[in-house]
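Novice: I'd like to ask some things about the structure below.
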2 protein chains.
Amino acid sequence: MKAITSSKLDMIRNDINMRLAEYYGDHATQAGAMHEDYAMLWRAMESVGASNGKRLRPYVMLTAYEGLGGDQYDMVLPVAAALEVLHACLLIHDDIIDHDYVRYGQPNVAGQYRARYAHENMSEAERDHYANSAALLAGDLALSGAYELILESSLPAEVKVEVSRALNNMIFAEAGGELLDTEAVFLPFEGVDTMTIAHLKTAVYSFVGPLLIAAILADADDETKHSLEDMGYALGIAYQLADDLLGLFGDEAVTGKSSIGDLKEGKRTFIMQRTFALATPQQLQLLEAVVGREDMTQKQADEVRQIVRDCGALAETKALMSKYAAQAKTALLQVPLKKDAQNELIALIEKAIERQS
Amino acid sequence: MKAITSSKLDMIRNDINMRLAEYYGDHATQAGAMHEDYAMLWRAMESVGASNGKRLRPYVMLTAYEGLGGDQYDMVLPVAAALEVLHACLLIHDDIIDHDYVRYGQPNVAGQYRARYAHENMSEAERDHYANSAALLAGDLALSGAYELILESSLPAEVKVEVSRALNNMIFAEAGGELLDTEAVFLPFEGVDTMTIAHLKTAVYSFVGPLLIAAILADADDETKHSLEDMGYALGIAYQLADDLLGLFGDEAVTGKSSIGDLKEGKRTFIMQRTFALATPQQLQLLEAVVGREDMTQKQADEVRQIVRDCGALAETKALMSKYAAQAKTALLQVPLKKDAQNELIALIEKAIERQS
């Protein structure tokens, strides 16, 4: 089953990357007709967005679409690409919020503009601000571009409208989740609604949205949509819990992401929230002394991880994750899917909670 | 004629403001169902966007629409409101780029969040960053919201698609213009393509776009669209030149905007570009010593204004502005418009270059 998933995913990635290279390339050309410096912005977007990323949302959407009996792969491909252009917007804007200048191991849009503006006569802070301004505009263009890809597709007008409305719902949820997540750092661990954030930022945006779009494209009935929604919600929560686990216990060599970063940042994850709730007074003393400190040592991080295990938060989180994964499977079995798509999506659920990156 | 224009504009403003209050209010309610802190973002957007602004773009669109024979005012009103929600996005994001925290004489979205986060334990720079992050998300929501208003309207699906595509074209042009305008400060005056910036940022976004949307809604033919495009382009350039004049010679009490700000900033306007080109070596010395300096005095600003007059740049700019206004009128007369709409739009052109604010 893993082999099927992997080759299918590779094919989708390849198709999406080709469509995105075409999209960004065309717009760089159009922008260049206005001004060469505008073409540069599109080329920066292309360099980050056209060949990187897991393409998870297109994969979810296209697998569900074909599983529901949809057989117009070429016609719906631009919609899958639109999900990635939207994702490019969110990554570009999230990187501004997080002061990040690197994405996929290379300079992101702001990072490229920081280099471009390096020789101008201004302070570092000003240079960063100008670089982030270019990235802000790039993100706006990608947000509008997601709609554009849908609107310019060869789908019937009614379908374009329905899919675009679903896209808007994804954005409405994601931005709300991002706001709450950004503000969470101002709140004590117990004050953060981590489940709502996971629901909005991960479940709706990464799973419910793409699944509902697949249902619209395949002209599925309301009952099917409802089951897909249930599945996407449960899978999204399980996925986020797994993400938090990886952020804490993941192997940096595999995840490509620091496993101390979330702790230093004091990120309000469900597992850390439960750790604070379940810790003994003595454990709590250590947690409060080190979590959220930029100067946390590896030894302190290991002590925190030991507390996460000892207090029962790890076991509780894993149990909850399994519960949601099981819920996702149950909901999935309600969906009238072709067998191979069902198998793919079951494998996706299993992989979501077992993944190492 | 002025009286007609004014009462028509008042009616449109009123209708748009009501529609926008409903839009923002509904979304604050929806956001509140997710989390109270998310509702707050929508209320901040509402406080700035629902009752302020000239409503120029809706006015242009609705006047042209009715002039072209469109008689479904209520049905197209959401599209006019969408232009204002898009405009809210651009103002919110431009204010981030310009480090502005005030809009329409009151705190903008970032300004409201700066106050909200004032009591958190962090540096001023961090607080500003968090406030701007909230504003960044608010702008994204407004950008998507512009599409949403169109998609949720009761227009036929084909029309929704065409109008949304026109909206995307406006965004593509505006973001390009904004990028070039932001980068202009790195270039010497003679190196800036001020006409391309005016074309993208002002003509396409404020006039061509709304006029073409009116034509789509009224099902006008290609020739009409072409003439409207010509008119919008010429009017947009004239409007931008008038804007630059007001930024330099305007009465602050009337414009509500500093008339030394553009000079201190060294803003790359057409009129200043011509001033640098036409100045004598002696005049150039003074210009280079003071333009673009934050500590410029009123006396120095007056000296610069005198040079703008003496070197001929003022006369040249006014002549060019009149030429474009005349071009706009000529193009307008090619459009098969009802008489009262034609009069309204002629008055708009005249007012654009004679306006005091």
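Novice: Out of (1) in contact with a strand residue (DSSP E or B) (Cβ under 8 Å, 6 or more places away or on another chain); (2) assigned to a loop (DSSP other than H, G, I, E, B), the odd one out for A:Leu155 is which?
Specialist: Unmet condition: (1).
Novice: Take the residues in the stretch A:304-329 that are free of Cβ contacts under 8 Å to residues at least 40 places away in the same chain and over 18 Å from A:Ala242 (Cβ atoms), then tell me which one is surrounded by the most Cβ atoms within 10 Å (Cβ to Cβ).
Specialist: Looking at the filtered set, the residue picked out is A:Ile307.
Novice: Considering only the stretch A:22-31, state which residues are farther than 11 Å from B:Leu180 by Cβ and facing chain B (nearest Cβ under 10 Å).
Specialist: If the condition is that a residue be farther than 11 Å from B:Leu180 by Cβ and facing chain B (nearest Cβ under 10 Å), then A:His27, A:Gln30 are the ones that fit.
Novice: Farther than 30 Å from A:Ala215 by Cα and crowded, with 24+ Cβ neighbours inside 10 Å: which single residue out of A:Tyr113, A:Tyr65 fits that description?
Specialist: Within the list A:Tyr113, A:Tyr65, the selection yields A:Tyr113.
Novice: Is the stretch B:62-78 home to any residue that is assigned to a loop (DSSP other than H, G, I, E, B), of a type in the set (Gly, Ala, Ser) and over 19 Å from the mean Cα position of the chain (by Cα)?
Specialist: Checking the stretch B:62-78: at least one residue is assigned to a loop (DSSP other than H, G, I, E, B), of a type in the set (Gly, Ala, Ser) and over 19 Å from the mean Cα position of the chain (by Cα).
Novice: In this structure, is B:Tyr59 over 19 Å from the mean Cα position of the chain (by Cα), closer than 30 Å to B:Glu229 by Cα, at pLDDT 95 or above and of a type in the set (Ser, Thr, Tyr)?
Specialist: The answer is no for B:Tyr59.
Novice: Quick check: anything in the stretch B:304-314 closer than 30 Å to A:Met122 by Cβ and not in a helix (DSSP H, G or I)?
Specialist: Checked against the condition, which is being closer than 30 Å to A:Met122 by Cβ and not in a helix (DSSP H, G or I), the stretch B:304-314 yields at least one hit.
Matching residues to (1) surrounded by 15 or more Cβ atoms within 10 Å (Cβ to Cβ); (2) in contact with a Pro (Cβ under 8 Å, 6 or more places away or on another chain); (3) away from chain A (no Cβ under 14 Å); (4) more than 30 Å from A:Leu179 (Cα to Cα):
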site: B:Lys8; (1), (2), (3), (4): yes, no, yes, yes
site: B:His35; (1), (2), (3), (4): yes, no, no, no
site: B:Ala39; (1), (2), (3), (4): yes, no, no, no
site: B:Ala50; (1), (2), (3), (4): yes, no, yes, no
site: B:Pro58; (1), (2), (3), (4): yes, yes, yes, yes
site: B:Met61; (1), (2), (3), (4): yes, yes, yes, yes
site: B:Met75; (1), (2), (3), (4): yes, no, yes, yes
site: B:Leu90; (1), (2), (3), (4): yes, no, no, no
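Novice: Now for a separate question. Of the conditions (1) hydrophobic (A, V, I, L, M, F, W, C); (2) part of a helix (DSSP H, G or I); (3) surrounded by 16 or more Cβ atoms within 10 Å (Cβ to Cβ), B:Ala289 satisfies every one except a single condition; which number is it?
Specialist: Of everything listed in (1) hydrophobic (A, V, I, L, M, F, W, C); (2) part of a helix (DSSP H, G or I); (3) surrounded by 16 or more Cβ atoms within 10 Å (Cβ to Cβ), B:Ala289 misses just condition (3).
Novice: OK, next. Which of the residues spanning the stretch B:43-61 are free of Cβ contacts under 8 Å to residues at least 40 places away in the same chain and in a helix (DSSP H, G or I)?
Specialist: B:Arg43, B:Glu46
Novice: Another question, then. For A:Asp262, which of the numbered conditions (1) farther than 22 Å from A:Gln356 by Cα; (2) at pLDDT below 95 fails to hold?
Specialist: So A:Asp262 meets the others, but not (1).
Novice: Cβ contacts < 9 Å: first residue of a type in the set (S, T, N, Q), restricted to the stretch A:185-199; second residue part of a loop (DSSP other than H, G, I, E, B), any location; separation 6+ or different chain. Result?
Specialist: These pairs meet every condition: A:Thr194/A:Arg268; A:Thr194/A:Thr269; A:Thr196/B:His35.
Novice: Can you name the residue in the stretch B:218-231 that is touching a helix residue (DSSP H, G or I) at 6+ places or on another chain (Cβ under 7 Å) and surrounded by fewer than 24 Cβ atoms within 10 Å (Cβ to Cβ) and is also nearest to the other protein chains (Cβ to nearest Cβ) among such residues?
Specialist: For the stretch B:218-231, the residue satisfying everything is B:Glu229.
Novice: Next question. Mind telling me which of the residues B:Glu126, B:Glu120 ends up being modelled with pLDDT under 95 and at the interface with chain A (Cβ under 7 Å from one of its Cβ atoms)?
Specialist: Sole residue among the options that is modelled with pLDDT under 95 and at the interface with chain A (Cβ under 7 Å from one of its Cβ atoms): B:Glu120.
Novice: Oh, and also: So, in the stretch A:135-183, of the ones that are more than 29 Å from A:Met75 (Cβ to Cβ) and surrounded by fewer than 21 Cβ atoms within 10 Å (Cβ to Cβ), which residue ends up nearest to the other protein chains (Cβ to nearest Cβ)?
Specialist: My answer is A:Thr182.
Novice: Can I ask one more? Cβ-Cβ under 7 Å, sequence separation 6+ or interchain: first residue in the stretch A:231-245 and closer than 15 Å to A:Thr196 by Cα, partner at pLDDT below 95. Which pairs?
Specialist: A:Leu235/A:Ala352; A:Ala238/A:Ala352; A:Ala238/A:Ile353; A:Tyr239/A:Ala352
Novice: Which one is surrounded by the most Cβ atoms within 10 Å (Cβ to Cβ), of the residues in the stretch B:263-286 that are more than 17 Å from B:Thr317 (Cα to Cα) and without any contact (Cβ under 8 Å) to a residue 40 or more places away in the chain?
Specialist: B:Gln283
Novice: Looking at the stretch B:158-276, what helices (runs of 4 or more DSSP H) fall wholly within it and have at least 1 residues that are among the acidic types (Asp, Glu) and within 18 Å of B:Val304 (Cα to Cα)?
Specialist: In the stretch B:158-276, the matching helices (runs of 4 or more DSSP H) lie at B:222-249, B:252-255, B:261-265.
Novice: Hey, can you tell me all the residues within the stretch A:96-116 that are within 14 Å of chain B (Cβ to nearest Cβ) and either touching an Asp or Glu at 6+ places or on another chain (Cβ under 7 Å) or closer than 21 Å to A:Phe172 by Cβ (or both)?
Specialist: Within the stretch A:96-116, A:Ile96, A:Ile97, A:Ala110, A:Arg114 qualify.
The values are calculated or read from the model by the stated rules, or taken from the named source; none is laboratory data. A quick note: this is a predicted structure, and the numbers were derived from the prediction, not measured. Every residue, glycine as well, gets a Cβ built from its backbone with ideal geometry; the counts of neighbours run over all protein chains shown.
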